[in-house]
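Enquirer: Handing you a structure now.
The values are calculated or read from the model by the stated rules, or taken from the named source; none is laboratory data. Every value quoted in this text rests on a predicted model; they were computed, and no experiment measured them. FYI the Cβ positions are ideal-geometry reconstructions off the backbone, even for glycines, and counts take in every protein chain you see.
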Protein chains: 2
Amino acid sequence: MREELRSDLLEVGRLLVSMAEAARTAMSRATSGLLTADREACETVIARDAEINDLRNQVEERVYDTLARQSPVAVDLRLLVTGLQIAIDLERMGDLAEHVAKTALRRHPSPAVPAELRPVFIRMAEVADRIAGKINLVLTTQNLQLAAQLEGDDDAMDDLERELFRILLGKDWPYGAETAIDGALLGRFYERYADHAVNAGQQVVYLVTGESTPS
Amino acid sequence: MREELRSDLLEVGRLLVSMAEAARTAMSRATSGLLTADREACETVIARDAEINDLRNQVEERVYDTLARQSPVAVDLRLLVTGLQIAIDLERMGDLAEHVAKTALRRHPSPAVPAELRPVFIRMAEVADRIAGKINLVLTTQNLQLAAQLEGDDDAMDDLERELFRILLGKDWPYGAETAIDGALLGRFYERYADHAVNAGQQVVYLVTGESTPS
C-alpha cells in the first residue's frame, strides 16, 4: 500500500475511534440520566450529538477525498467504503443515545423507568457499553477474539429485551400504558444501539483484517 | 462519462428501482396484513424480505465491481457510493415492513390494532406508501419537484405519530399495556420507514443530478 494511502486510512481509523468513543459515552451518559433522572446528563447527550454527526461528516469528506486523490483499488477501496458504513452505524448509535436522553427528559423530574424495570435496564446498558467498547478495542488493538464475542453479546441483549417485555406484559404490571410504552421504546433503543454496534464491530474486523467475519 | 461506466451506473439504478418497489410492496402488504389480520399477507412479507436483502447484496457487488474495474473519480465515484447508501436505507425499509408483519402475526387471529387506532395507521400507511413511491418516481423520471415534497411528507408522518401517542396516552384509553405497546412500536416502525425513505429519496436526487438537496 502506498504511504499516502496508508496515512489516509489511518486518519479514517482515528476518526472512527473518536466516533466510537463519543457514541459509547453518549449512551453511558444517557443511561445515567435515565436511571437517576439527571436532567443535566440528558441535556449534555442531546447537545453533544452534533459532535458525532460532525465526525461522521469528517469521515465522509476524508473518504471521498482519498478516493478522489488516490484512486485506490480492490481491498483498499473496500476498506475506505467500509469506513463510511461504520460511520453510519456509529452516528445512528449516537442518535439512539439521544432518544434515551429525550425519553428521560420528557418524564423529568419523575423517573421514566419504574423500580421493577431498573435491573433490566442496568443490564441492557452494561451490554450496550460492552459492545460499544469492543468496537474501539478492535479498532485500536486489532484483537479479533473480542470481535468474535459480538454475536454472543447481541444474543444477551435480545434475551434482556424479551425479559423486559415479560415484565411489561405481566398480569401484575402496576403502571399504566404510558410507562409501559416508555419501557418498550427504551428497550428498543438499547436493542437497536446494540445491533448497530455489532454491525459496526463486524465491519471494523473487515477494516483491520480485510476479511469478513462469518455471520 | 465513459460508456461502460454509464452502463454500470444504470444497472445500479435498475437494482435500486427493484429494491424500492419491493420495499414499497412489503410495507403495503404488511399494512394490509395488519389491518385485516391477514396471516398470509404477513407471512409473504416475512418470506420475501430475503429478496430485498439479496438485491442489496447485488447492489454492493455491482458497486465494488465497478469501482475496481473502472476506477471512477470525482462525481462518478460519489454516485456509486451513494448507490450503496441508498441500498442500505431501502433494505432497512424492508426490515421495518417485516417488523409490522411480525407484530400483526404475534396477535393473530386478533387484530393488533384496535378500532380507535385504525384511522391513524391507515394514514401512516398512506404517507409511507407515498414517500416510497416517490423514490421510484425520482429514480425513473428524475422529477425533482417530487423530491422537494419529501420533507413535507416526513412532517406529515411526524404529526401522525404525535396523534397516535395522544390516543395511546389519553385518559380514556380502554385497552391494556400490551395493546398500547404494540401501537407505539408499530407507530415507530412506520415513522422509521418514512425516515429511511426520505433519506433514500434525498440521496436519489444526488444520484440523478449530482447535487445535494438543501436540508
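Enquirer: Kindly provide the set of residues from segment A:8-47 that are surrounded by fewer than 18 Cβ atoms within 10 Å (Cβ to Cβ) and basic (Lys, Arg), ordered by number.
Expert: Within segment A:8-47, A:Arg14, A:Arg39 qualify.
Enquirer: Sticking with this one: Looking only at residues that are farther than 28 Å from B:Val113 by Cα and of a type in the set (D, E, K, R) in segment B:33-66, which one is nearest to the other protein chains (Cβ to nearest Cβ)?
Expert: Checked segment B:33-66; the qualifying residue nearest to the other protein chains (Cβ to nearest Cβ) is B:Glu60.
Enquirer: Sticking with this one: Take segment B:54-79 and flag every residue that is more than 14 Å from B:Arg6 (Cα to Cα), at pLDDT 90 or above and surrounded by 15 or more Cβ atoms within 10 Å (Cβ to Cβ).
Expert: Within segment B:54-79, B:Leu55, B:Arg56, B:Gln58, B:Val59, B:Glu60 meet the criteria.
Enquirer: Next up: Please go through segment A:64-73 and pick out each residue that is of a type in the set (A, V, I, L, M) and within 19 Å of B:Gln85 (Cα to Cα).
Expert: Listed by number, the residues that qualify are A:Leu67, A:Ala68.
Every residue, every condition in (1) β-branched (Val, Ile, Thr); (2) part of a helix (DSSP H, G or I); (3) away from every other protein chain (no Cβ under 14 Å), yes or no:
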| residue | (1), (2), (3) |
| --- | --- |
| A:Lys102 | no, yes, no |
| A:Glu126 | no, yes, yes |
| A:Lys134 | no, yes, yes |
| A:Asp172 | no, no, no |
| A:Tyr175 | no, no, no |
| A:Ala184 | no, yes, no |
| A:Ala194 | no, yes, yes |
| A:Ala200 | no, yes, no |
| A:Val208 | yes, yes, yes |
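Enquirer: Let me ask another. So which residues in segment A:107-124 are surrounded by fewer than 21 Cβ atoms within 10 Å (Cβ to Cβ) and touching a residue at least 60 places away in the same chain (Cβ under 8 Å)?
Expert: A:Arg107, A:His108, A:Pro109, A:Ser110, A:Pro111, A:Pro114, A:Arg118, A:Ile122
Enquirer: Restrict the check to segment B:151-159 and report whether at least one residue is in contact (Cβ under 8 Å) with a residue 60 or more places away in the chain and within 14 Å of the chain's Cα centre (by Cα).
Expert: No, that holds for no residue.
Enquirer: Sticking with this one: Answer with yes or no whether B:Leu96 is under 23 Å from B:Ile52 (Cβ atoms) and either at pLDDT 90 or above or in a helix (DSSP H, G or I) (or both).
Expert: Yes, satisfied.
Enquirer: Further question: For segment B:67-79, what are the residues that are within 11 Å of another protein chain (Cβ to nearest Cβ) and closer than 19 Å to B:Thr209 by Cβ?
Expert: Matches in segment B:67-79: B:Pro72, B:Val73, B:Ala74, B:Val75, B:Asp76, B:Leu77, B:Arg78.
Enquirer: Just give me the residues in segment B:104-124 being in contact with an Asp or Glu (Cβ under 6 Å, 6 or more places away or on another chain) and under 11 Å from B:Gly33 (Cβ atoms), in sequence order.
Expert: Once the filter is applied, which keeps residues that are in contact with an Asp or Glu (Cβ under 6 Å, 6 or more places away or on another chain) and under 11 Å from B:Gly33 (Cβ atoms), segment B:104-124 yields only B:Ala112.
Enquirer: May I pose another question? Any idea which of A:Leu144, A:Leu139 is more than 17 Å from the chain's Cα centre (by Cα), over 27 Å from A:Arg118 (Cα atoms) and away from chain B (no Cβ under 14 Å)?
Expert: Values: A:Leu139 fails: more than 17 Å from the chain's Cα centre (by Cα).
Of A:Leu144, A:Leu139, the one residue that is more than 17 Å from the chain's Cα centre (by Cα), over 27 Å from A:Arg118 (Cα atoms) and away from chain B (no Cβ under 14 Å) is A:Leu144.
Enquirer: What's the total number of residues in segment A:1-58 that are outside any helix (DSSP H, G or I) and within 19 Å of A:Ala101 (Cβ to Cβ)?
Expert: Count: 2.
Enquirer: OK, next. In this structure, does B:Ala156 turn out to be farther than 30 Å from B:Asp8 by Cβ, at pLDDT 95 or above and crowded, with 21+ Cβ neighbours inside 10 Å? It would help to see each step written out before you state the result.
Expert: Numbers: farther than 30 Å from B:Asp8 by Cβ: yes; at pLDDT 95 or above: yes; crowded, with 21+ Cβ neighbours inside 10 Å: no.
No, not satisfied.
Enquirer: Do any residues in segment A:80-91 that are within 22 Å of A:Glu4 (Cβ to Cβ) and facing another protein chain (nearest Cβ under 10 Å) have Cβ atoms under 8 Å from those of residues that are part of a helix (DSSP H, G or I) and modelled with pLDDT of 95 or more, where the two are at least six apart or on different chains, and which pairs are they?
Expert: Close Cβ pairs satisfying both conditions: A:Leu84/A:Val59.
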